[in-house]
Amino acid sequence: YNLETEKDPVVIVISTTGTGDPPDTARKFVKKIKDTTLPPDHFAHLQYGLLGLGDSEYTFFCNGGKIVDRRLQELGAQHFYNTGLADDCVGLELVVDPWIDGLWLALKEAFPLQKEKEGMSSVVDAVSSSLSAGLHVVHELNLSSEVQNLKLEDKGVRSSDVLSQKLVDVNLVASTTDAKPSLVRSVPPVSQSALNIPALPPEYIEVQFQDTHGENPHPSSLISEGTTFEVPVTKAVQLTREDAIKTALLLELDIEDTVFDYQPGDAFCVICPNNVDEVEELLRILGLSEKGEHFVCVKVKQGTKKKAHPQHVPERSTLKFILTWCLEIRAIPKKAFLRALVECTSDVGEKRRLQELCSRQGASDYTRFIRESNVCLLDLLHAFPTCKPSLNLLIEHLPKLQARSYSVSSSNLYQPGKLCFVFNIVEFPACPARPVSRKGVCTGWLAELVAPLLHPGKNTLDTKGGSSATEKISIFARPNNTFHLPADPSVPFMMVGPGTGISPFIGFLQHRQKLREEHTDWEFGETWLFFGCRHQDRDYLFKQVHYLALILDELRCFLENGTLTHLKVCFSRDSSTAEVAPPKYVQDVVRLYAKEVARVLLKERGYFYVCGDKKHMADGVSDAVVDILSMEMEADKLEAMKILAMLREAKRYLQDVWS
């Protein structure tokens with residue numbers, strides 16, 4: 001197609017990444033349409049409908065879609081269908097499903113009459129097929145709750161798409177009316193409802209098992225984002241006490257023999273494997289334990305519309321390699337995956353429950369028992385023991401195992417050849433839908449990897465048979481174009497970083513200290529750090545961390561040498577006997593310094609950095625800044641919100657946050 005001349009309706013589906021950026025696949029397109037020399041009627045011939053995918057947990061919700069939508073409008077394009085903005089925070093399907101429902105009618109109205117006469121159904125089928133590859137939502141099936149054959153509401157769908165599998169009577173599924181719903185059990189009204197479920201996504205992968213001879217590719221070869229570096233872990237320090245609620249670790253990497261470069265505030269990615277025990281358990285349940293070391297040849301089935309197999313799965317590698325390094329086996333299953341699993345399940349009660357979970361009528365059950373419970377494939381296979389999916393189904397539906405991103409906690413200027421980062425070991429406690437607790441995929445793996453460095457006296461088995469002191473990890477750069485120190489060192493800045501959110505600010509301060517040592521004639525602006533944690537004696541990060549045995553007290557050192565002008569600390573879980581209780585959270589401390597915040601941001605054109613948890617901290621800090629601006633400027637809240645938006649736009653209010 002060519003949008004410069006395209007007369008037919010165009011459907012655009014676009015996600016958002018980073019700090020409100022279009023996805024990598026859209027960058028060239030966005031750059032092209034942003035060309036300021038294009039005339040205002042450049043796309044006057046174009047009619048389009050746009051579906052934006054985003055997450056309202058982040059500041060620039062659906063900004064990738066909004067950028068494209070706004071620019072196309074500026075260039076004269078017309079909507080043939082209203083823009084939809086889907087929110088992953090509450091469930092994309094809440095917007096996606098009705099948007100796609102309305103799309104078919106809008107397309108029929110948008111196409112010229114003669115095209116409808118020529119065979120409108122074939123056109124819609126073509127559009128439907130292309131969308132289903134990404135969204136797996138096609139014509140719906142109307143399922144009765146009684147024992148009967150499934151019949152398609154849409155008479156235009158081919159008879160080969162009709163499912164003849166029978167359903168169990170709902171009384172067998174929920175035998176008692178007072179039973180509570182769970183992952184495996186439904187109650188009225190869902191258990192007694194006719195169900196609307198997505199059509200079965202067509203299979204397009206075929207796998208062929210071969211012998212055990214050959215070599216697997218290196219995991220870094222699966223990365224397309226840039227150059228990878230295998231670097232040794234030279235140091236590991238536990239920053240919190242054993243009885244702290246969260247365990248925070250600091251790792252130091254040796255990058256001296258690489259060309260890896262970074263600035264304080266940058267992030268980088270760690271290539272990590274799935275948990276070994278979980279991979280073995282998955283192989284056992286699938287009945288493939290004996291095949292783990294066998295090579296698998298992955299191909300696209302002939303006669304399908306897919307041109308290539310998923311790029312993150314090698315054409316030839318061992319089964320264990322695929323499950324360890326390629327597929328996100330911890331991913332929350334999408335509804336299309338649940339729909340496919342129905343066909344792999346023999347028990348009629350289990351089939352019905354899986355159908356409910358992927359249906360519109362079971363949307364709240366899906367959110368509660370799968371999304372919010374962080375249920376993964378392994379949990380489903382335990383919960384529905386007669387479900388035995390094939391390997392090709394896993395490759396088709398499980399997403400790519402993503403590298404994990406971390407903020408740099410050091411300065412290359414301060415510590416040449418070293419890169420430090422800090423993380424909490426993520427814990428997923430057991431819940432009714434997931435009876436086992438788990439650690440984060442990457443943080444759990446890293447903690448296990450560096451255990452010999454943390455506890456050198458313990459008899460830790462080294463599975464690789466080499467020295468535990470030379471463990472290596474693969475990393476690649478993920479530069480941050482905005483979350484950096486001000487270019488002008490005389491400009492003041494404030495940093496808010498509770499918990500491991502302090503990580504990039506240690507790098508900021510190290511860098512600033514080195515600049516002060518090297519440029520004694522420069523003028524340096526004041527620096528503020530607002531830090532918080534739960535308990536002063538258990539998890540005051542960096543209070544007693546040794547950096548190359550040179551510093552005993554990192555933050556106090558920064559204060560004493562003038563690198564850090566103000567340090568404000570709070571402890572949310574410590575009890576107080578004071579008549580006036582001290583502030584518990586960083587946003588409360590920020591409010592205590594309202595005049596200083598307003599002075600730095602408004603009068604001195606300073607910078608304000610926030611790093612850490614978005615929902616429970618960053619939003620609270622943002623609200624506090626709005627209140628401060630409103631109070632100090634004697635303006636209403638709406639005006640203060642506009643000022644904050646302008647500060648964000650000017651890249652003077654910057655966030656590095658996570659959900």
Query - Selected residue (criterion: least open to solvent (accessible area, probe 1.4 Å)) from residues of the stretch 25-62 that are within 17 Å of the chain's Cα centre (by Cα) and touching a residue at least 40 places away in the same chain (Cβ under 8 Å) - result: CYS62
Query raised in the report: Given (1) surrounded by fewer than 20 Cβ atoms within 10 Å (Cβ to Cβ); (2) in a helix (DSSP H, G or I), where does ILE322 come up short, assuming only one miss?
Result: (1)
Query raised in the report: So which residues in the stretch 593-619 are of a type outside the set (Val, Ile, Thr), surrounded by 16 or more Cβ atoms within 10 Å (Cβ to Cβ) and part of a helix (DSSP H, G or I)?
Result: ALA594, GLU596, ALA598, LEU601, LYS614, MET617, ALA618, ASP619
Query raised in the report: Does the stretch 239-256 include one or more residues that are modelled with pLDDT of 95 or more and hydroxyl-bearing (Ser, Thr, Tyr)?
Result: no
Query raised in the report: In this structure, does LEU401 turn out to be at pLDDT 95 or above, surrounded by 19 or more Cβ atoms within 10 Å (Cβ to Cβ), farther than 21 Å from GLY18 by Cα and not polar (S, T, N, Q)?
Result: no
Query raised in the report: Which residues, counting only those in the stretch 423-433, are open to solvent by 10 Å² or more (accessible area, probe 1.4 Å) and not small (Gly, Ala, Ser)?
Result: ASN424, ILE425, VAL426, GLU427, PHE428, PRO429, CYS431, PRO432
Query raised in the report: So which residues in the stretch 454-492 are modelled with pLDDT of 90 or more, under 30 Å from HIS519 (Cα atoms) and in a loop (DSSP other than H, G, I, E, B)?
Result: PHE483, HIS484, LEU485, PRO486, ALA487, ASP488, PRO489, SER490, VAL491, PRO492
Query raised in the report: Do we find a residue being at pLDDT 95 or above, of a type outside the set (S, T, N, Q) and assigned to a loop (DSSP other than H, G, I, E, B) anywhere in the stretch 637-648?
Result: no
Query - Search result, residues across the stretch 493-521 that are part of a strand (DSSP E or B) and closer than 27 Å to VAL426 by Cβ - result: MET495, VAL496
Requested in this report: Mind listing whichever residues of the stretch 574-605 are touching a helix residue (DSSP H, G or I) at 6+ places or on another chain (Cβ under 7 Å) and modelled with pLDDT under 70?
Outcome: ASP574
Query raised in the report: Among the residues of the stretch 534-557, is any modelled with pLDDT of 70 or more, touching a strand residue (DSSP E or B) at 6+ places or on another chain (Cβ under 8 Å) and open to solvent by 30 Å² or more (accessible area, probe 1.4 Å)?
Result: yes
Report summary line: Note on TYR262: of the conditions (1) under 30 Å from VAL610 (Cβ atoms); (2) part of a strand (DSSP E or B); (3) hydroxyl-bearing (Ser, Thr, Tyr), unmet is (2)
Query raised in the report: Going by the structure shown, is LYS108 at pLDDT below 85 and surrounded by fewer than 18 Cβ atoms within 10 Å (Cβ to Cβ)?
Result: no
Query - Residues of the stretch 202-245 classified as open to solvent by 50 Å² or more (accessible area, probe 1.4 Å) and either touching a His at 6+ places or on another chain (Cβ under 6 Å) or closer than 17 Å to TYR262 by Cβ (or both), total - result: 6
Requested in this report: Among the candidates TYR414, TYR406, single out the residue that is hydroxyl-bearing (Ser, Thr, Tyr), open to solvent by 20 Å² or more (accessible area, probe 1.4 Å) and out of contact with any strand residue (DSSP E or B) (no Cβ under 7 Å at 6 or more places or on another chain).
Outcome: TYR414
Query - Candidate set: the stretch 310-319, residues that are closer than 20 Å to TYR204 by Cβ and either at pLDDT 95 or above or not polar (S, T, N, Q) (or both); chosen: the one most open to solvent (accessible area, probe 1.4 Å) - result: GLU315
**Report entry** Residue count for the stretch 265-290, restricted to those that are part of a loop (DSSP other than H, G, I, E, B), open to solvent by less than 20 Å² (accessible area, probe 1.4 Å) and closer than 30 Å to CYS387 by Cβ
**Finding:** 3
Query raised in the report: How about the stretch 1-92: which strands (runs of 3 or more DSSP E) wholly inside it have at least 3 residues that are out of contact with any helix residue (DSSP H, G or I) (no Cβ under 6 Å at 6 or more places or on another chain)?
Result: 10-14, 47-54
Query raised in the report: Right, ASN82: among the polar types (S, T, N, Q), modelled with pLDDT of 90 or more and over 26 Å from LYS651 (Cα atoms) or not?
Result: yes
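The values are calculated or read from the model by the stated rules, or taken from the named source; none is laboratory data. What you see is a predicted model, and the numbers here were worked out from it, not measured in a lab. Every residue, glycine as well, gets a Cβ built from its backbone with ideal geometry; the counts of neighbours run over all protein chains shown. Please note that ligands, DNA and RNA were not included when accessible areas were found on the heavy atoms of the full protein model with its side chains. Shrake-Rupley method; radii C 1.70, N 1.55, O 1.52, S 1.80 Å.
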